[in-house]
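Notes follow the structure.
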Amino acid sequence: MERSIKTVYLQRKNRRRVSMPKEHTQLREKNRTETREPHKYKVIIENDDFTTMDFVVKLLVEVFFYDESKAVKLMLQVHHSDCAVVGVYTYDIALSKARKATDLARSEGFPLRLRVEQA
């Protein structure tokens, strides 16, 4: 009986020593992607002698969602200083709002100009 226990023990011991075929493993590096805020762009409205003040207020309310009193203050700022920043947005939104405002001005027959600059 001792012999059989000894053989079982040796078999188990030898089994542990049996090495498995080595696999080549590759380390995967973690790529960290940093998210950052997109660049901001200013939409600037320019003063001209032909666009009416009422239309500029209407444009600021409809396109840029100003309330009536803030739109009037901004329109007066544009009138006295030749230009003013209407809003600061990401590039796509700034361009879209400037185009929408320009299209609205052209449809009403006004030569109003807006420009987009990096903030």
Checklist entry - Condition test on T51, is it outside any helix (DSSP H, G or I), under 23 Å from A84 (Cβ atoms) and either at pLDDT below 75 or among the β-branched types (V, I, T) (or both)? => result yes
Next on the checklist: Being within 22 Å of H39 (Cβ to Cβ) and either at pLDDT below 95 or among the hydroxyl-bearing types (S, T, Y) (or both) is the requirement here; does S81 meet it?
Outcome noted: no
Checklist entry - Which one is most open to solvent (accessible area, probe 1.4 Å), of the residues in the stretch 23-62 that are acidic (D, E) and free of Cβ contacts under 8 Å to residues at least 60 places away in the same chain? => result E34
Checklist outcome for this item: Within the stretch 77-106, the count of residues that are open to solvent by 90 Å² or more (accessible area, probe 1.4 Å) and assigned to a helix (DSSP H, G or I) comes to 8
Item to check | Residue pairs meeting the criteria (Cβ under 6 Å; at least 6 apart or on separate chains; first on the phi < 0 side of the Ramachandran plot and of a type outside the set (V, I, T), in the stretch 70-98; second at pLDDT 95 or above and exposed (fewer than 15 other Cβ atoms within 10 Å of the Cβ)) | outcome: M75/M53; C83/E46
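The values are calculated or read from the model by the stated rules, or taken from the named source; none is laboratory data. Just so we're clear, the structure is a prediction, and the values are computed from it rather than from any experiment. Virtual Cβ from ideal backbone geometry, glycine too; neighbours counted across all protein chains shown. Remember, those area values only see protein heavy atoms, side chains included, never the ligands or the DNA or RNA. Shrake-Rupley method; radii C 1.70, N 1.55, O 1.52, S 1.80 Å.
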